[in-house]
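Here's the structure we're looking at; comments come further down.
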Amino acid sequence: MTLAVRVPEELSARVPAEQRGPGLGRDAVRLLVSRGCEVSHHAFAELPRLLRAGDLLVVNTSQTLAAAVDGRIGHARVVVHFSTRGDDGRWAVELRDPDERGTTRARTGGPAGSEVRLPGGTGLVLEEPLAPGCERLWWARVTGPDGARGTGPAKPEPRSTDPEATRILGLMREHGRPIRYSYTERDQPLSVYQTVFALPSADGAGSAEMPSAARPFTVGMVTELVSRGVQVAPISLHTGVASAEAHEPPYPERFAVPEASARLINAVRAGDGRVVAVGTTAVRAVESAVDADGVVRACEGWTDLVVTPERGVRAVDGLLTGLHEPEASHLLMLEAVAGRAAIDHSYEAALRGLYLWHEFGDVHLILPEEGPHSEHCSSNCR
């Protein structure tokens, strides 16, 4: 899906909401609400009054990592974006060239055998593209200070005792910074990229880029929602590096839907409530855990699900998300939730209303037009 609109550069959110003026908080963003082709405009602080008792918010608890680290190939400077840690101990990485604005620009990937020097004597050797035809992301093996390649079990479960994982996670903590793109004004501390729902994982895993739909939530907002009878179901999906230029479809990502959250989702679907995913990551996780009988099952592992209008959604009734670029692959998921006409109409309204785009921008709440959700039945638990 490609929208026939152009987003002016001045509608890019360059700094977080709380830095735009005195006394502002994270929740000082606007909220576009669409129910079919009906659109209304609100402040995000009105969200508790737009939901109702019995609704369920599905939220991603993945923490954001300081996934951008400076390195060198020969004498050339590069920035390594650590995207995804594989089961075999390797990392999927994207190499980018630093630019004059302190951000980065795309560079040609590879070739195989290229060695990247990182701080502290750690290095990477590029081995192969992430997938055939994907030259942007490469699998890379970690090397130690002596240049020896790390060795380990062929397919270890990721855990904090994995020496290669521990080395890179420590490198991020000491030398990394959040991934930043050119539309932002300046580097920000990692805390700016953590949502109120973020939790450290036992193995140190996290997201290369912030699950940003949840960024405007505050502790006070969550308290008000719960006091009004809106429930919250946590899931996790560790996001990889987005395709900032080419808008490629998402590739496999690690996710988990806990047993308690699966039960909550099924109970709400059986009643009169609505299941509203906070972010496209929450949609991908939940829709990857729907079993053959149409019930969401506790599930974890890797998902390669791409939610399209043809596939549809089977466990989610609504979606709270940011505003996506007209060429973004995420728009297919929005179309699956609401339909093409509704998305066209809402994005035209967002442009007319001068809403702000990207991870520090305004948000869009997509709700069903009427009545309870439809019955769903499919299977995609990976």
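Bear in mind these aren't lab numbers, they're just calculated from the coordinates by the rules spelled out. Just so it is clear, the model here is predicted, and its values are computed rather than measured. For neighbour counting, all protein chains shown are included, and Cβ atoms are generated from backbone atoms with ideal geometry for every residue, glycine included.
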| remark: Among (1) 15; (2) 19; (3) 30, the value of percent of Cα pairs over 37 Å apart computed for this structure carries the label (2)
| task | Using per-residue counts of other Cβ atoms within 10 Å, averaged over each peptide, order 132-139, 237-244 from highest down. | result | 237-244, 132-139
| field | Approximate spin-label separation residue 46-residue 107, in nm, with each point projected 7 Å along Cα-to-Cβ | value | 4.7
| Under-5 Å amide H pairs with residue 239, H placed in peptide plane, nonlocal only | 207, 208, 209
| remark: Relative contact order in percent for the chain (Cα pairs under 8 Å, 6+ apart) equals 24
| field | Size of charge dipole - segment 12-150 - debye, nearest 20, with Cβ of Lys, Arg +1 and Asp, Glu -1, no other charges | value | 340
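If the only charges are +1 at each Lys and Arg Cβ and -1 at each Asp and Glu Cβ, what is the size of the charge dipole of the chain around the Cα centre, to the nearest 20 debye?
That gives a dipole near 660 debye.
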| said: I'd like to know which of 334, 188, 240 lies farthest towards the positive end of the charge dipole of the chain, counting +1 on Cβ of Lys and Arg and -1 on Cβ of Asp and Glu. | reply: 188
| request: Please sort 70-76, 50-56 by packing, taking for each peptide the average over its residues of neighbouring beta carbons within 10 angstrom, highest first. | output: 50-56, 70-76
| message | Can you find, among 319, 63, 271, the residue sitting farthest towards the positive end of the charge dipole of the chain, where Lys and Arg contribute +1 and Asp and Glu -1 at Cβ? | response | 63
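Determine the gain in length on full extension of the stretch residue 14-residue 134; use 0.36 nm per residue of separation and subtract their C-alpha separation, reporting nm with one decimal.
Details: separation 120, 0.36 × 120 = 43.20 nm, distance 2.95 nm.
Length gained between residue 14 and residue 134: 40.2 nm.
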| Spin-label point model (7 Å from Cα, Cβ direction): what's the residue 173 to residue 53 distance in nm? | 4.5
| task | Counting helices only, and only those DSSP H runs with n ≥ 4, report the 222 nm mean residue ellipticity of the chain as the sum of -39,500 (n - 2.57) divided by its residues, in deg cm²/dmol to the nearest 500. | result | -5000 deg cm²/dmol
| query | How would you rank 197-203, 317-323, highest first, on the average number of other Cβ atoms within 10 Å across their residues? | reply | 317-323, 197-203
| note | Among 256, 218, 229, the residue whose Cα sits farthest towards the positive end of the charge dipole of segment 203-322 (+1 at Cβ of Lys and Arg, -1 at Cβ of Asp and Glu, taken about the Cα centre) is 229
| field | Separation in nanometres of the label points that stand 7 Å from Cα toward Cβ, at residue 182 and residue 263 | value | 5.1
| said: With θ taken as phi - 60° and the coefficients 6.51, -1.76 and 1.60, list the Karplus ³J(HN,Hα) couplings across segment 296-313 in order, rounded to whole Hz; mark glycine and proline as x. | reply: 6, 10, 4, 7, 8, x, 10, 10, 10, 5, 10, 7, 10, x, 5, 6, x, 10
